[in-house]
Amino acid sequence: MTEFKPAEACNGIEPFQVMVLLDRAQQLAASGRDIVHMEAGEPDFSTPAPIIAAAQAALELGDTRYTGGLGMWPLREAISARYQSQYGLEIPASRIAITAGGTGALQLALRANLNPGDEVLIPDPGYPCNRHQVSLLGGKPRLLAATAESGFAMSAEQVRTAWTDTTRMLMLASPANPTGAVLNRDQLASLSGVVREKAGLLVVDEIYHGLNYSSADVSALTIEDSAWVINGFSKYYGMTGWRLGWLVAPEAAMPILERLAQNLFLAPSTIAQHAAMAAFTPETLAICEQRRIEFSQRRDRLVQGLRELGFGIPQAPEGAFYVYVDASTFTQDALGFCLQLLEDTGVSVTPGVDFGDHRAAEHLRFSYTTSMARIDVGLERLGSWLSANRNT
Ligand SMILES: Cc1ncc(COP(=O)(O)O)c(C=O)c1O
């Protein structure tokens, strides 16, 4: 038998540490332990009922065949209309590609632009798929520290200084995972200005738009029309498992994107697209808005509770559903800390090491994708555990 030898590009792909935790959490749950899940990157709410009803209606009609590679026109039109109503932006449907989740949009954006050896500037901490997908294509992810002191935002000066002859792209996310940090219009404009000055490419992940607790969302497209913007239905619209997202790209890129999409995915899921047709209706948006309010209340409770326990949170996160805390008073080994915490208390949180290198072993990510009552249980158990361990 021929021995399996993974392709070289696969060697740099690290497993998500959170999976080790999830496996253990599942084992513990199976043995009867009560687990407080604060590790998950998805809303605990199920998909809004009008979206599910739209999928059911399409199924009844037997509307289950392939759509075009870039998705079905009515949905592309609906997203275009949403850009108009949400941001006052004219984004024609022809510039919108429907993809398999935000992750599919990321893949299309990278494949369409990167050549082997191209460097990509990425904030650290950041969503791990970004750097892994860059590596898979032979690109070079270059992590730039986005520190708590700077509100987890990279500065324009930092990007300008880091830019080299081989740098091709700056990737940003706002609101960001794992920090929940939101870039305001001025920050986006100055970062985008550097990319323009360097004749590079700006890719902005806006998948957490809608989950913003302090300000109106600012799309990078309102500042830079040539930006490539990733978005999707997973987070705000509660559709993680449906696997549906979109990419906004310049008109000139669309024929290439269509060929890429056809060859990589053939087409996005038809039934998910029918479901998403109900995502922007007033009925669904009212449900999503209610959930946003609930998330913001949970955020306030969690931030306050974690601060009281001694975790460092210089600024409350403004978006997404994560709190990224400095746990250096308690540990220099985030993964070990998380595993022990889970074992002893059943509280499951994510170690910073999944998100980059910068002080990652001293940071933890708490998700508030669980009810207020469960957040309270989690804080209570965490507090008792910390005081017990302090006294030993
Ligand atoms: C910043 C960011 N982008 C993209 C995704 C993936 O989105 P999707 O599930 O739509 O592929 C995630 C998921 O956690 C994320 O945090």
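Within the stretch 1-19, the set of residues being in contact (Cβ under 8 Å) with a residue 24 or more places away in the chain and not acidic (Asp, Glu) comprises 9, 10, 12, 13, 16, 17, 18.
The one condition from (1) among the polar types (S, T, N, Q); (2) buried (at least 18 other Cβ atoms within 10 Å of the Cβ); (3) modelled with pLDDT under 95; (4) away from the ligand (no atom under 16 Å from the Cβ) that residue 80 does not meet is (3). When residue 253 is tested against (1) touching a Gly at 6+ places or on another chain (Cβ under 6 Å); (2) away from the ligand (no atom under 14 Å from the Cβ), just one condition goes unmet, and that condition is (1). Of the residues 111, 185, which is modelled with pLDDT of 95 or more and either more than 16 Å from the ligand (Cβ to nearest atom) or at positive phi (or both)? The match here is 185. Hey, any hits in the stretch 224-231 for a residue that's closer than 20 Å to residue 73 by Cβ and either in contact (Cβ under 8 Å) with a residue 24 or more places away in the chain or away from the ligand (no atom under 16 Å from the Cβ) (or both)? Within the stretch 224-231, one or more residues are closer than 20 Å to residue 73 by Cβ and either in contact (Cβ under 8 Å) with a residue 24 or more places away in the chain or away from the ligand (no atom under 16 Å from the Cβ) (or both).
Whether any residue in the stretch 250-270 is in a loop (DSSP other than H, G, I, E, B) and under 17 Å from the mean Cα position of the chain (by Cα) is what I want to check. No, the stretch 250-270 contains no residue that is in a loop (DSSP other than H, G, I, E, B) and under 17 Å from the mean Cα position of the chain (by Cα). Of the residues making up the stretch 329-382, those that are among the polar types (S, T, N, Q) and touching a His at 6+ places or on another chain (Cβ under 6 Å) are 348, 370. Considering the stretch 86-100, and only residues there that are touching a residue at least 60 places away in the same chain (Cβ under 8 Å) and in a helix (DSSP H, G or I), the residue that is surrounded by the most Cβ atoms within 10 Å (Cβ to Cβ) turns out to be 95. Restricting 345, 329, 350 to those that are surrounded by 21 or more Cβ atoms within 10 Å (Cβ to Cβ) and more than 30 Å from residue 244 (Cβ to Cβ) reduces the list to 345. Test residue 161 against the stated conditions and say whether it is more than 16 Å from the ligand (Cβ to nearest atom) and exposed (fewer than 15 other Cβ atoms within 10 Å of the Cβ). Yes; evaluated as a whole, the condition is true for this residue. Summed over the stretch 346-392, the residues that are part of a helix (DSSP H, G or I) and in contact (Cβ under 8 Å) with a residue 60 or more places away in the chain give a count of 16.
Hey, can you tell me all the residues within the stretch 291-325 that are polar (S, T, N, Q) and either buried (at least 16 other Cβ atoms within 10 Å of the Cβ) or in contact with a Cys (Cβ under 9 Å, 6 or more places away or on another chain) (or both)?
Taking the stretch 291-325 and keeping what is polar (S, T, N, Q), we get 296-297, 304, 315.
Within the stretch 291-325, just 296 meets the criteria.
The set of residues from the stretch 101-129 being surrounded by fewer than 21 Cβ atoms within 10 Å (Cβ to Cβ) and either without any contact (Cβ under 8 Å) to a residue 40 or more places away in the chain or among the β-branched types (Val, Ile, Thr) (or both) comprises 103, 116, 129. Total residues in the stretch 122-142 satisfying the condition of being within 17 Å of the chain's Cα centre (by Cα) and either β-branched (Val, Ile, Thr) or more than 13 Å from the ligand (Cβ to nearest atom) (or both): the figure is 3.
Away from the ligand (no atom under 16 Å from the Cβ), assigned to a helix (DSSP H, G or I), surrounded by fewer than 21 Cβ atoms within 10 Å (Cβ to Cβ) and β-branched (Val, Ile, Thr): does that describe residue 52?
Judged against the criteria, residue 52 is a match.
Within the stretch 15-49, being among the aliphatic types (A, V, I, L, M) and in a helix (DSSP H, G or I) holds for 18, 19, 20, 21, 22, 25, 28, 29, 30, 49. Residues of the stretch 55-83 that are of a type in the set (Ser, Thr, Tyr) and either part of a loop (DSSP other than H, G, I, E, B) or within 11 Å of residue 274 (Cβ to Cβ) (or both): 64, 66, 67.
On inspection, residue 229 does not qualify as surrounded by fewer than 24 Cβ atoms within 10 Å (Cβ to Cβ) and touching a helix residue (DSSP H, G or I) at 6+ places or on another chain (Cβ under 7 Å).
The values are calculated or read from the model by the stated rules, or taken from the named source; none is laboratory data. Since the structure is predicted, the reported quantities are computational estimates derived from the model, not experimental observations. When we count neighbours, we look across all protein chains shown, and the Cβ atoms used for this are built from the backbone with ideal geometry, even at glycine.
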